[in-house]
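Accompanying notes for the structure given below.
The values are calculated or read from the model by the stated rules, or taken from the named source; none is laboratory data. All values derive from a computational prediction rather than experimental measurement. Here the Cβ is made from the backbone with ideal geometry for all residues, glycine too, and neighbour counts use every protein chain on show.
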Amino acid sequence: MIHPRVNLHQVAFGPESTTAFIDHCRAIGMPNMTLSSMHLMQPGGVEEALTALAPGGPKATVVNHPFGFYPNLDDDTGESTAKMLEAIEITDRLGSKLMYLVSGGRGRLSWEEAAERFAERIAPCLPLAAEKGIMITVESASPFNVDIHMAHTLDDTIRLAEIAGIGVCIELHACWYEGGLKEKFKRAMPITGLVQISDYVSGDRSAPCRAVIGDGMVPVERLLGDLLAAGYQGVFDLELLGPRIEAEGPRAATKRAAENLSEILVKLGA
């Protein structure tokens, strides 16, 4: 039985269709999913998702959207705002109430300049999100993604969210090794909408170097216990990709990860 607070990210299924991903979630009893706007914004993408969701089962709890990718926050001329407005409408059609963003790369801007540009571009989208009851968050992400993102520590993620007036997505794979996490979790909690989790196997050097929970060295149980103690009430998003996931196969790897995470959540009384 998959715990009701487990969520599975579509990224594990790479180029496969949204229908294939949703069918897999239904088959293993996955209660929640993250769908990608990159799939949904393709011609017929929303209609495909709605058709696949119609029989019931998994809920499209989260939508992931790449924000300043046009081509980055420095060179964007407004397409990021237009695409974000479209993504909010799509999120609403799916019945989702939570989005998390990858910010877009800084280009030639300093961190502070890029943060202001991010806030400026997202500001016109906030009234629509509020009208639809959708929480917008921005994630912490590995420095390997510096070309597409600008918040690579939990501190900087919180700071960016506060500047933009949005929420935080705590991506543990990008910050589990930081110091003072208990205090950071407490600071972030009032604006935290999503927590993402995967494991890391010592010695892996490829990126993305994700692993099934329980296969690596990330202290998952302790971290989730700290998050729950800080007051986190949301779902735990399994974001699995990379050579280890591909070698095992996304269906087997995601099912095993969901079962392992469920055991931990039951143990913690979540």
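Side notes on the structure shown:
- Residue satisfying all of: in region 119-146; assigned to a helix (DSSP H, G or I) and either at pLDDT below 95 or among the β-branched types (Val, Ile, Thr) (or both); surrounded by the fewest Cβ atoms within 10 Å (Cβ to Cβ) among these: PRO143
- Conditions (1) crowded, with 20+ Cβ neighbours inside 10 Å; (2) without any contact (Cβ under 8 Å) to a residue 24 or more places away in the chain; number of the one not met by GLU183: (1)
- The lone criterion from (1) among the small types (Gly, Ala, Ser); (2) more than 21 Å from GLU116 (Cα to Cα); (3) under 19 Å from the mean Cα position of the chain (by Cα) left unmet by SER206 is number (3).
- Of all residues in region 159-213, those satisfying the criterion of being among the hydroxyl-bearing types (Ser, Thr, Tyr) and either more than 21 Å from LEU101 (Cβ to Cβ) or modelled with pLDDT under 95 (or both) are TYR177, TYR200, SER202, SER206.
- Which numbered condition THR91 misses (of (1) within 21 Å of HIS9 (Cβ to Cβ); (2) at pLDDT below 95): (2)
Each row is one residue, and each column tells you yes or no for (1) assigned to a strand (DSSP E or B); (2) over 23 Å from ALA130 (Cα atoms); (3) of a type outside the set (A, V, I, L, M).
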residue: CYS169; (1), (2), (3): yes, no, yes
residue: HIS173; (1), (2), (3): no, yes, yes
residue: GLY179; (1), (2), (3): no, yes, yes
residue: GLU183; (1), (2), (3): no, yes, yes
residue: VAL195; (1), (2), (3): yes, no, no
residue: GLY203; (1), (2), (3): no, yes, yes
residue: SER206; (1), (2), (3): no, yes, yes
